[in-house]
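The values are calculated or read from the model by the stated rules, or taken from the named source; none is laboratory data. Please read all numbers here as calculations on a predicted model, not as lab measurements. Neighbour counts run over all protein chains shown; Cβ positions are idealised from the backbone, glycine included. These accessible areas exclude ligands, DNA and RNA; they are computed on the full protein's heavy atoms, side chains included. Shrake-Rupley method; radii C 1.70, N 1.55, O 1.52, S 1.80 Å.
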Amino acid sequence: PLVSRAMRAMAHRAGAAIAISNGVADDARRVMPRVRVAVVHDAIDTETFSPSGRVADLDGLAGCAPPVPAALRVGFVATYARWKGHDVFLRAVQKLKSTAGLPALRFYIVGGPIYDTAASQYREDELRELVERLGIQDRVRFVGFQNRVDEVYRALDIVVHASSRREPFGRTIAEAMATGKAVAASSESGAAELFADGVDAIAVTAGDPDALAEAMRALVLDPQ
């Protein structure tokens, strides 16, 4: 609400605007209908985000022992902003726990709080309490903010993007795909522009733990 008012107030001074996705451009055009808005999608450095390179020791960073050798690692990489969908991810993990026939799985939440306004983000103790309530403490590990997130992606088999609101772009999706990982991602707004469903990633309805659990199940059961 605050930014849209500021944009309207400044629109008469803008000759043009650049948006990082068509979703953002559509929003901007509604706020600034007389300003020409062009789309330049965000860029990923594919020399940094590549399948080869150093691999993070996620279990060491989480302060726990490694899982069984054949276990698959599923990661949720995001700031602690509430709209990023940590609760959706954890509820999907709970649903997978009761699903028979799956290989051994370990789930990682990677990231941390970045805002000064507490109401806009989770605290780690909140997320740990939710993990306890859902009964998935044996499956989920927490890794703090990492500067070399490319090394985190390489340590994972599957990367999950679960934003519960419209995503302006979704760098996690592009970065994970660039490192060659299987991805389940929200199909909303800018995020949906980054992949073809079933080809580059699996599309998931935003905020739907059942859909996310099904997407993760399909990926863990598909060796290719």
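Scanning the stretch 125-144 for residues that are farther than 15 Å from Cys64 by Cβ and touching a residue at least 40 places away in the same chain (Cβ under 8 Å) gives Leu127, Leu130, Leu134, Gly135. For the stretch 28-46, does any single residue satisfy the condition of being in a loop (DSSP other than H, G, I, E, B), free of Cβ contacts under 8 Å to residues at least 12 places away in the same chain and surrounded by 11 or more Cβ atoms within 10 Å (Cβ to Cβ)? Among the residues of the stretch 28-46, not one is in a loop (DSSP other than H, G, I, E, B), free of Cβ contacts under 8 Å to residues at least 12 places away in the same chain and surrounded by 11 or more Cβ atoms within 10 Å (Cβ to Cβ), which makes the answer no. Checking each residue in the stretch 182-212 for being open to solvent by 30 Å² or more (accessible area, probe 1.4 Å), under 20 Å from Thr79 (Cβ atoms) and of a type in the set (A, V, I, L, M, F, W, C) picks out only Leu194. Close contacts from the stretch 6-25, counting a first residue that is more than 22 Å from Ala191 (Cβ to Cβ) and a second that is among the charged types (D, E, K, R) and in a loop (DSSP other than H, G, I, E, B), with Cβ to Cβ under 9 Å and a gap of 6+ residues or different chains, come to Ala11/Arg34; His12/Arg34. Here Val68 does not fit the description of being in a helix (DSSP H, G or I) and surrounded by fewer than 12 Cβ atoms within 10 Å (Cβ to Cβ). So for the stretch 100-108 (the condition being hydroxyl-bearing (Ser, Thr, Tyr), surrounded by fewer than 16 Cβ atoms within 10 Å (Cβ to Cβ) and not in a helix (DSSP H, G or I)), does at least one residue qualify? Checking the stretch 100-108: not a single residue is hydroxyl-bearing (Ser, Thr, Tyr), surrounded by fewer than 16 Cβ atoms within 10 Å (Cβ to Cβ) and not in a helix (DSSP H, G or I). Being assigned to a loop (DSSP other than H, G, I, E, B) and farther than 23 Å from Arg82 by Cβ holds for only one residue in Gln137, Gln224, and it is Gln224.
One line per residue, one yes/no per condition, for (1) within 14 Å of the chain's Cα centre (by Cα); (2) surrounded by fewer than 17 Cβ atoms within 10 Å (Cβ to Cβ); (3) more than 23 Å from Ile44 (Cα to Cα):
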| position | (1), (2), (3) |
| --- | --- |
| Glu124 | no, yes, yes |
| Val131 | no, no, yes |
| Phe142 | no, no, yes |
| Arg148 | no, yes, no |
| Arg154 | no, no, no |
| Val159 | yes, no, no |
| Ala162 | yes, no, no |
| Thr172 | yes, no, no |
| Gly180 | no, yes, no |
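Apart from one condition, Glu129 fits all of (1) assigned to a loop (DSSP other than H, G, I, E, B); (2) out of contact with any strand residue (DSSP E or B) (no Cβ under 9 Å at 6 or more places or on another chain); the exception is (1). Residues in the stretch 47-65 that are more than 19 Å from Pro103 (Cα to Cα), in a loop (DSSP other than H, G, I, E, B), open to solvent by 40 Å² or more (accessible area, probe 1.4 Å) and not acidic (Asp, Glu): Thr48, Pro51, Ser52, Gly53, Arg54, Val55, Gly63.
Please specify each residue of the stretch 7-27 satisfying the condition of being open to solvent by less than 50 Å² (accessible area, probe 1.4 Å), over 19 Å from Ala192 (Cα atoms) and assigned to a helix (DSSP H, G or I). Lay out the reasoning, then the answer.
Of the residues in the stretch 7-27, the ones open to solvent by less than 50 Å² (accessible area, probe 1.4 Å) are 11, 14, 17, 19, 21, 23-25.
Pick out the ones that are also over 19 Å from Ala192 (Cα atoms) and you get 11, 14, 17.
Correct list: Ala11 only.
Residue-level analysis places Tyr115 outside the set of residues that are farther than 17 Å from Leu212 by Cβ, without any contact (Cβ under 8 Å) to a residue 60 or more places away in the chain, aromatic (Phe, Trp, Tyr) and in contact with a helix residue (DSSP H, G or I) (Cβ under 7 Å, 6 or more places away or on another chain). Residues that are over 22 Å from Ser164 (Cβ atoms) and either open to solvent by 20 Å² or more (accessible area, probe 1.4 Å) or part of a loop (DSSP other than H, G, I, E, B) (or both) do occur in the stretch 72-79, at least one of them. Residues that are over 21 Å from Asp222 (Cα atoms), in a loop (DSSP other than H, G, I, E, B) and of a type in the set (S, T, N, Q) within the stretch 160-186 comprise Ser163, Ser164, listed in sequence order.
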